[in-house]
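**Student:** Before I ask anything, here is the structure I am working with.
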Amino acid sequence: MNFFKTRVEEKLNQRKIEGNLRQLSLPSAQHDFFSNDYLGLARNAELSQIVEETYLSMPERKLGATGSRLLSGNSHYAMQLEQELAQIFRGEAALLFNSGYHANSALISCISQKGDVILYDELVHASLREGYRLSFAQHIPFKHNDLEDLEKKIMANQTAQTIFVVIESVYSMDGDNCALAEILTLCKKYDVQVILDEAHSTGVFGENGSGLVCELGLENLCLARVYTFGKAVGAHGACVVGSQTLIDYLVNFARGFIFTTAAPLHSLVSVACAFRYIAQHPELQQDLKNKIQFYNHFIQQISNFKPQTISNSPIQVVQISGNEQCKKTANHLISNGFEVRAILAPTVKIGEERLRICLHTFNAETQMRELLTCLSSTT
């Protein structure tokens with residue numbers, strides 16, 4: 001027990017020394033530039049009323065699902081929602097999960113087997129990494145969005161039973177888009193199976209919020225796609241979209257689905273109502289695009305402050321090397337009314353610490369201008 005206590009304390013102290021000890025905190029600034037509520041749906045009063053009225057109209061309401069989907073946790077509503085999601089995302093079938101992390105780790109860990117090779121973009125999310133760590137497949141990173149490096153590694157692993165390529169449509173820490181068309185074309189050439197995480201493009205891109213790959217019309221080139229509802233959709237949960245055979249396989253072999261209590265009815269209603277609301281209000285996506293364009297235009301006018309990249313997603317990045325300096329800048333913005341979070345090493349590589357600024361439909365142009373003016377005075 002003493003050895004364990006010492007080990008735990010040493011690890012926590014090391015985090016303190018490195019300036020990256022994680023702690024829970026509450027937002028204190030007036031203006032939200034840090035949440036993933038890109039379309040403002042999590043705080044939309046009209047949608048909230050629709051959700052509550054729909055939920056209260058349900059004949060059999062329960063506070064909890066009472067069990068896993070394979071036991072007592074299934075419902076007609078859940079199965080109907082999966083059919084609706086499959087239509088929205090232009091897939092043959094869909095399967096609900098309790099979170100994007102849950103879906104990614106369950107999908108990758110069960111679909112890949114010993115003798116397979118997983119090639120993953122070096123910037124993919126921790127949940128995708130968790131999936132390949134839980135599998136028996138060999139896993140190899142390729143340079144971010146680098147087709148030459150990806151093709152080289154595909155060629156070097158031709159003896160594998162199956163090669164999977166794991167990518168995201170929008171990368172969560174950089175805000176840049178995946179080279180989707182090029183990567184999907186390359187993978188088709190070599191008969192490589194693609195697993196795509198659409199977490200940060202769901203709701204933001206595509207007709208009815210169907211994501212970036214549907215906007216490009218390339219959804220049929222993916223083996224599996226993961227869509228999450230806790231970001232632009234303003235709800236909770238996720239789904240995997242693919243063939244009916246894939247979904248049947250997940251129901252039988254995805255431990256993260258089989259052995260987990262299902263999401264409660266209220267969460268399912270929130271997801272269904274949110275997607276219907278997005279479909280009825282296409283101006284939300286256009287408004288967000290306008291805000292992103294304004295931000296990118298204004299930031300380039302600041303002579304003493306230039307971003308490393310220009311992103312067409314709601315995620316904007318300002319690199320500030322060093323954990324302490326990055327935290328100091330974030331705290332300065334917070335003290336001036338702008339809620340922004342510092343992303344520190346080891347979440348990102350040492351020297352690539354950054355502010356992650358998220359844009360939303362509810363951020364006024366004056367707020368964005370004031371944020372950037374405040375930021376430019378600190379760099």
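**Student:** Being assigned to a loop (DSSP other than H, G, I, E, B), surrounded by fewer than 24 Cβ atoms within 10 Å (Cβ to Cβ) and of a type outside the set (D, E, K, R) is the filter here; which residues of the stretch 179-205 pass it?
**Tutor:** Hits for the stretch 179-205 are 179, 190, 192.
**Student:** Hey, another quick one. How many residues does the stretch 340-377 contain that are surrounded by 18 or more Cβ atoms within 10 Å (Cβ to Cβ) and touching a helix residue (DSSP H, G or I) at 6+ places or on another chain (Cβ under 8 Å)?
**Tutor:** Adding up the residues that qualify gives 17.
**Student:** Hey, which of the helices (runs of 4 or more DSSP H) in the stretch 212-299, taking only ones fully inside, have at least 3 residues that are under 26 Å from residue 357 (Cα atoms)?
**Tutor:** Helices (runs of 4 or more DSSP H) meeting the threshold: 212-215, 265-280, 283-299.
**Student:** Got a number for residues in the stretch 308-334 being among the polar types (S, T, N, Q) and touching a residue at least 40 places away in the same chain (Cβ under 8 Å)?
**Tutor:** Total satisfying the criteria: 7.
**Student:** Further question: Tally time: how many residues in the stretch 103-125 are farther than 22 Å from residue 175 by Cα, in contact with a strand residue (DSSP E or B) (Cβ under 7 Å, 6 or more places away or on another chain) and not β-branched (Val, Ile, Thr)?
**Tutor:** Counting residues in the stretch 103-125 that are farther than 22 Å from residue 175 by Cα, in contact with a strand residue (DSSP E or B) (Cβ under 7 Å, 6 or more places away or on another chain) and not β-branched (Val, Ile, Thr) gives 4.
**Student:** Shifting gears a bit: Out of curiosity, is residue 173 modelled with pLDDT under 95 and aliphatic (A, V, I, L, M)?
**Tutor:** Criteria met by residue 173.
**Student:** Looking at residue 321 and the list (1) of a type in the set (Gly, Ala, Ser); (2) loosely packed, with under 15 Cβ neighbours inside 10 Å; (3) outside any loop (DSSP other than H, G, I, E, B), which single condition is not satisfied?
**Tutor:** (3)
The values are calculated or read from the model by the stated rules, or taken from the named source; none is laboratory data. A quick note: this is a predicted structure, and the numbers were derived from the prediction, not measured. Here Cβ is always computed from backbone atoms with ideal geometry, including for glycine, and neighbour counts include all displayed protein chains.
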